[in-house]
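What follows is a short report on a single structure.
The values are calculated or read from the model by the stated rules, or taken from the named source; none is laboratory data. All values derive from a computational prediction rather than experimental measurement. In this analysis, Cβ positions are derived from the backbone assuming ideal geometry, glycine residues included, and neighbour counts consider all displayed protein chains.
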Amino acid sequence: MGLNHIDLLIIAAYLAGITLFGLRFRKRQRTMRDYFLADRNIPWWAISLSIVAAETSTLTIISIPGLAYDSNLTFLQWAMGYMVGRVIISFVLLPQYFRGDLYTAYQLIERRFGPTLRSVTAGIFLLTRAAAEGVRVYAVSIVVSIALGTGQITSIAIITLLTLIYTFEGGLAAVIWTDVVQTFIYIGGTLVGLYTILHLIPGGWDSAHAIAAASHKFQIFELPFASLARPYTIWAGIIGGAFFVTASHGTDQLIVQRLLAARNQRQSVLALLSSGVTIFFQFALFLIVGVMLFAYYRVPAGTFGRADRIYPTFIVSHMPHGISGLLIAAILAAAMSNLSAALNSLSSSSMMDFYFRFRPDTNEIKTSDTQRMRLARIATVLWAVALFVLAMLALRWAGRVIEVGLQIASIAYGALLGVFLLGVLTKRANQNGAIVGMICGFATELYLWRSTHVAFTWWVAIGTCVTFAIGYTASRVWGARSEVRSN
């Protein structure tokens, strides 16, 4: 059926409206604290919705339905671990972040271990976040190219440019408040989509439920331990998911930056925990969409080329006009909110953790806030170009993009989390030991990725344990040697 002029008008109105809305915040950006932390004056509920939007992305909206279409609801076990991880962050890491005036997560590492390790951890964040975000931007091009008929490179360029405009001008405040609007748009749009799918299936919910149940699509728990090669078992979900989200929300600047924008620690905890509840129900919603699509099509996922193409193809081909335009706009909303978050967090880390530290001519005494803001905005533009290039490289990748994105992040998260835990849970760990542990943890995760069949859901847990154990042991050895030399 394809989109008509009504659908295109809705999409155009959304793109123009959200860009103009984000630009409203440009006049509030006077200092680096305004640009990167929104003057630490954002209410908890807005931060909560922004966290939801930041970890959702187009990957979630198009790939999770495809995952359920191709399998079942066992992905929800992973979301259960997300809540456990948030509780750990609230008690272990957040109290540390609110001791002092921090702009990035990696300033905490410098306070505990020194500047060298801060540079290492910040550098790993920049590399892995950029790579993962390139995959997410590529996922947007799947939707835009199907919906608008544009080439994938053109599609990537359109979304990147529009998102850059308001992120460049409005900083974190624009990112968070546009996230709030876009969260309502894509969740509301998905609910409308689910309602429409059910009405297109002969017999409605009863028929769809019978078809899906016969193919075991409603299975949530995989209770046997099975093996480490199976990604979605109950233990991989709760243990692996807890470690993953402790790393992604406790050590990754993309989320930590939002938590630091809260008015106080209590509001930051409230925002983090409430976002976990929302994420769980959101994942359930997207998975049910995939199950209903299976009940509608009843053909193998390979019929569509990739499972990630099933939902956007259905929207364009079978949704009534107007609703299809709304759903495409909803998917773009998730894409732009995630991309804007990445641009601002990458810019903040590159400037605060590297540029302003190593360029003596840009310290706060010699450089005005206006000049520092200009440099921060230049960094935002450069990261937009970098993500555009990485997204084009991702065009050659295969597989479900949701899992590709999670795998890229998982390769480094274990080493990062292990170092953070060494810093906040032990007093005897030192910089040399932490670096050794981090190298070993990162090498372990690379080995798991390249040379084993261990599922990515276990990588962060294993990498964290290796980093912590070796880092602590190496620190004790270094400390003992230092004591011997001093005597």
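Odds and ends about this structure:
- Filter pass, R476 being loosely packed, with under 12 Cβ neighbours inside 10 Å, assigned to a helix (DSSP H, G or I) and at pLDDT below 95: no
- Top-ranked residue of segment 308-326 - restricted to ones that are under 17 Å from I64 (Cβ atoms) and either under 21 Å from the mean Cα position of the chain (by Cα) or not hydrophobic (A, V, I, L, M, F, W, C) (or both), ranked as modelled with the lowest pLDDT: D308
- Condition met for F304 (within 18 Å of G189 (Cβ to Cβ), modelled with pLDDT under 90 and more than 24 Å from the chain's Cα centre (by Cα)): no
- Residue that is nearest to the chain's Cα centre (by Cα), among those in segment 201-231 that are of a type outside the set (V, I, T) and crowded, with 16+ Cβ neighbours inside 10 Å: P231
Per-residue answers, yes or no, for (1) farther than 24 Å from I435 by Cα; (2) at pLDDT 90 or above:
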{"residue": "F113", "(1), (2)": "no, yes"}
{"residue": "T116", "(1), (2)": "no, yes"}
{"residue": "F125", "(1), (2)": "no, no"}
{"residue": "V144", "(1), (2)": "yes, no"}
{"residue": "L162", "(1), (2)": "yes, no"}
{"residue": "F168", "(1), (2)": "yes, no"}
{"residue": "T190", "(1), (2)": "yes, no"}
{"residue": "L194", "(1), (2)": "yes, yes"}
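- Flag if R306 is in contact with a Lys or Arg (Cβ under 8 Å, 6 or more places away or on another chain), within 21 Å of W177 (Cβ to Cβ), of a type in the set (D, E, K, R) and surrounded by fewer than 19 Cβ atoms within 10 Å (Cβ to Cβ): no
- Restricting attention to segment 427-465, the residues that are in a loop (DSSP other than H, G, I, E, B) and touching a Pro at 6+ places or on another chain (Cβ under 7 Å) total 1.
- Residue match in segment 268-282 (condition: in contact with a Leu (Cβ under 9 Å, 6 or more places away or on another chain), aliphatic (A, V, I, L, M), in a helix (DSSP H, G or I) and closer than 24 Å to I11 by Cβ): no
- Of all residues in segment 422-466, those satisfying the criterion of being among the aliphatic types (A, V, I, L, M), under 21 Å from the mean Cα position of the chain (by Cα) and within 15 Å of A247 (Cβ to Cβ) are V460, A461, I462.
Residue by residue, here is whether (1) surrounded by fewer than 23 Cβ atoms within 10 Å (Cβ to Cβ); (2) assigned to a helix (DSSP H, G or I); (3) touching a residue at least 12 places away in the same chain (Cβ under 8 Å) holds:
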| site | (1), (2), (3) |
| --- | --- |
| M83 | yes, yes, yes |
| I88 | yes, yes, yes |
| G100 | yes, no, no |
| T104 | no, no, yes |
| A132 | no, yes, yes |
| V135 | no, yes, yes |
| T154 | yes, yes, no |
| L162 | yes, yes, yes |
